[in-house]
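K.L.:
Have a look at the structure that comes next, please.
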Amino acid sequence: MKGLRELKPEHKRVLIRADFNVPLENGVIKDNTRIVQELPTINYLLEHRAKIILMSHLGRPKGFDKALSLEPVSKELSKLLNTKITFMKDCIGDSVKNAVNSMKDRDIILLENTRFYKEDKENNEEFAKKLASLGDVFVMDAFGASHRADASTLGVQRFLQSYYGFLVEKEIKNIKHVLTADEHPFVAVLGGAKVSDKIGVINNLLKKADYILLGGGMPFPFLLRMGLNIGSSILDGESVKTIEPFFKNKKIILPKDFLVAENTRSTHAENVDFDKIPDGSIALDIGKKTIREFSEIIRNAKMVVWNGPMGLFENPVFAKGTIEIGKAVSCAEFSLVGGGDTTSALKDINVKFTHVSTGGGAMLEMLAGKKLKALPGIEIS
Ligand code: ADP
Ligand code: MG
């Protein structure tokens, strides 16, 4: 796979796999970051007089689902580029073929959600061939979907000369920096609810990081393994086994205290030490002492990577840990932040990071040292 600058796109039909998987509520786009991040690739191809055919998935539809149509994305993209976008009601078939065949240079077509066909996730060869027939070349720019081998991300690459776009390039450069730069102190902060996904990252990060700070649902398998009570806190049984190889590692820092409550909708919380979580109560945020300790470690760091909120931030009673850690992380010389919920938790506070990744899962897989399935041949470490 080559970089986009190696392509001579003039007059070619360029099929782009973008990541327009944006949060939607009743057809309204709640956060257009992923669309904005795609503009450099599109603008470059416009400047070079290409014909642009965009495709993406959105959500997890089971067959055609109007609520997950890419039509709102088409409108938003048209607004951002201040140009006409032709939106197709399908991603394959005769109407799409005809539209593509009558394109002029600098025309833009957006295809309908590729996941309306189950063949996309199945990486079905026939389906990939149909998509590929729409372009002369392929540009993979959906970083957020690059850890999945789908027809629209990987399958099409069997039929077309393939390049990676500017968004992928930027993401890889920043994540690679974290994996290769010899800057210390290097601190990793992990939280959130997808605990078993994130435990895989710990192993690889332990090789490089000076500290790994755990918040959100991450500490509970450790506390349980230490024989402590975690009340009704979030726990995935498997993770207690997975942490065995490193559960005593001194680089891993667990919270000293938590905010606990009876349930997730509570309007007040109690601050308790980590070894005093009462039966029946849920630890829903890191406590005061932990915020102080974590913030200090983070503020002294040169490089920080962060994925996963520190607590159940959707309830303001449990948002403080995430917000305070966000402020500390933004002070680091180099900060890499990723994860859909992590970035959405921070959108109302005014903090800046070196790089905010558009792909939580893909970023984690890269940090865990895995190859990204839909970016074959791209060296990541
Ligand atoms: P991201 O999308 O940033 O990768 P995850 O999807 O793994 O993060 O987790 C985000 C979710 O984790 C949020 O909905 C948040 O409320 C939840 N969460 C964080 N801490 C806790 C906790 N202590 N108990 C229950 N849920 C939590
Ligand atoms: Mg999430």
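K.L.:
Taking K and R as +1 and D and E as -1, what net charge do the other residues with C-beta under 12 Å from the C-beta of Ile277 add up to? Show your work: numbers first, answer last.
P.N.:
Numbers: positive: Lys276; negative: Asp257, Glu270, Asp273, Asp275, Asp279.
Neighbourhood net charge equals -4.
K.L.:
Show me, for the range 27-34, the HN-Hα J-couplings you get by feeding each phi into the Karplus relation (A = 6.51, B = -1.76, C = 1.60, θ = phi - 60°), rounded to Hz, glycine and proline as x.
P.N.:
x, 9, 6, 7, 8, 9, 3, 5
K.L.:
Could you tell me, in Å, what Rg and Dmax come out for the Cα atoms of the chain?
P.N.:
In order Rg, Dmax, the Cα atoms of the chain give 22.3, 69 Å.
K.L.:
Whose amide H sits under 5 Å from the amide H of Gly308, counting only residues 5 or more places off or on another chain, with H placed in the peptide plane?
P.N.:
Amide H to amide H, under 5 Å and 5 or more residues apart or across chains, Gly308 pairs with Gly191, Gly338, Thr342.
K.L.:
With charges only on Cβ, +1 for K and R and -1 for D and E, what is the dipole size of the range 202-244 about its Cα centre, in debye, rounded to 20?
P.N.:
So the dipole magnitude of the range 202-244 works out to roughly 120 debye.
K.L.:
Identify the residues of the range 304-340 with backbone N under 16 Å of a label point that sits 7 angstrom from the Cα of Glu296 along the Cα-to-Cβ direction, or state none.
P.N.:
Residues 325, 328 fall inside that zone.
K.L.:
Moving on to the next point. Arranged from highest to lowest average of other beta-carbon atoms within 10 Å per residue, in what order do the peptides 317-327, 266-276, 17-27 appear? Intermediate values should be presented prior to the final figure.
P.N.:
Working: 317-327: 22.0, 266-276: 14.5, 17-27: 18.8.
Descending packing order for the listed peptides: 317-327, 17-27, 266-276.
K.L.:
Taking N as the number of residues in the range 232-381, what is its alpha-carbon radius of gyration divided by 2.2 N^0.38 Å?
P.N.:
Working: Rg = 16.6 Å, N = 150, 2.2 N^0.38 = 14.8 Å.
Output field value: 1.13.
K.L.:
Now for a separate question. Restricting the count to DSSP beta bridges whose residues both fall in the chain, what percent are antiparallel, rounded to a multiple of 5?
P.N.:
Numbers: 10 of 47 bridges.
Taking every DSSP beta bridge within the chain, about 20 percent pair in antiparallel fashion.
K.L.:
For helix 195-206, report the angle its Cα long axis makes with the longest principal axis of the Cα atoms of the chain; keep it between 0 and 90° and round to the nearest 10°.
P.N.:
80
K.L.:
Charges on Cβ only, +1 for Lys and Arg, -1 for Asp and Glu, centred on the Cα centroid of the chain; of Ile252, Gln37, His11, which one is farthest towards the dipole's positive end?
P.N.:
Sorting the options by dipole projection puts first His11.
K.L.:
With charges set only on the Cβ (+1 for Lys and Arg, -1 for Asp and Glu), what does the dipole of the chain come to about its Cα centre, in debye to the nearest 20? Before the final figure, lay out the partial values.
P.N.:
Numbers: 54 positive and 48 negative charges, 148 e Å.
I would put it at about 720 debye.
K.L.:
Output wanted: per-residue J couplings in Hz (rounded whole) for the range 328-343, from phi through Karplus 6.51 cos²θ - 1.76 cosθ + 1.60, θ = phi - 60°, x for Gly and Pro.
P.N.:
Rounded to whole hertz, the list is 5, 4, 5, 7, 5, 4, 10, 10, 10, 10, x, x, x, 6, 4, 5.
K.L.:
Right, next: Residues in the range 326-348 near a label at Ala181, defined as backbone nitrogen under 12 Å from the 7 Å Cα→Cβ point?
P.N.:
332-337
K.L.:
Give me the 1.4 Å probe accessible area per residue for the range 1-135, excluding ligands and nucleic acids, in Å².
P.N.:
Numbers: 6800 Å² over 135 residues.
I get 50 Å² per residue for this part.
K.L.:
Quick one: order Arg292, Arg115, Arg265, Arg148 from most to least accessible surface, probe 1.4 Å.
P.N.:
So the residues, ranked largest to smallest area, are Arg265, Arg292, Arg148, Arg115.
K.L.:
Let me ask something else about it. When the Karplus curve 6.51 cos²θ - 1.76 cosθ + 1.60 is applied with θ = phi - 60°, which whole-Hz ³J(HN,Hα) does each residue of the range 299-305 get, with x for Gly and Pro?
P.N.:
For the range 299-305, the Karplus curve yields 5, 8, 7, 8, 9, 10, 10 Hz.
K.L.:
Using alpha carbons only, how many angstrom separate the centre of the range 274-349 from the centre of the range 136-172?
P.N.:
Their Cα centres are 33 Å away from one another.
K.L.:
Please list 52-64, 160-172 highest first by mean number of surrounding beta-carbon atoms within 10 Å per residue.
P.N.:
Highest-to-lowest ranking by the protection proxy: 160-172, 52-64.
K.L.:
Tell me which residues come under 5 Å, amide H to amide H, from Val139 once H is placed; ignore anything under 5 positions away on its chain.
P.N.:
For Val139, whose amide H was placed from the backbone, the distant partners under 5 Å are Leu15, Ile16, Arg17, Tyr163.
K.L.:
Using Cα pairs under 8 angstrom and six or more residues apart, how large is the relative contact order of the chain, in percent?
P.N.:
So the answer I get is 16 percent.
K.L.:
Also, I was wondering about something else. Using amide H atoms built 1.01 Å from N in the peptide plane, name the residues 5+ places from Leu110, or on other chains, whose amide H lies under 5 Å from its own.
P.N.:
Result for Leu110 returns Leu54, Thr86, Phe87, Met88.
K.L.:
Return the Rg/Rh ratio of the range 160-217 with Cα-based radii and a Kirkwood Rh. Spell out each step's value before the answer.
P.N.:
Working: Rg = 14.5 Å, Rh = 13.3 Å.
Radius of gyration relative to Kirkwood radius: 1.09.
K.L.:
So, with a 1.4 angstrom probe, what is the percent of accessible area on the chain that is carbon and sulfur?
P.N.:
On the way: 8310 of 17070 Å².
That fraction is 49 percent.
The values are calculated or read from the model by the stated rules, or taken from the named source; none is laboratory data. It should be emphasised that the depicted structure is a prediction, and the values quoted were computed from it without experimental measurement. We place every Cβ from the backbone using ideal geometry, glycine too, and count neighbours over all the protein chains shown. The area values use the complete protein model at the heavy-atom level, side chains included, leaving out ligands, DNA and RNA. Shrake-Rupley method; radii C 1.70, N 1.55, O 1.52, S 1.80 Å.
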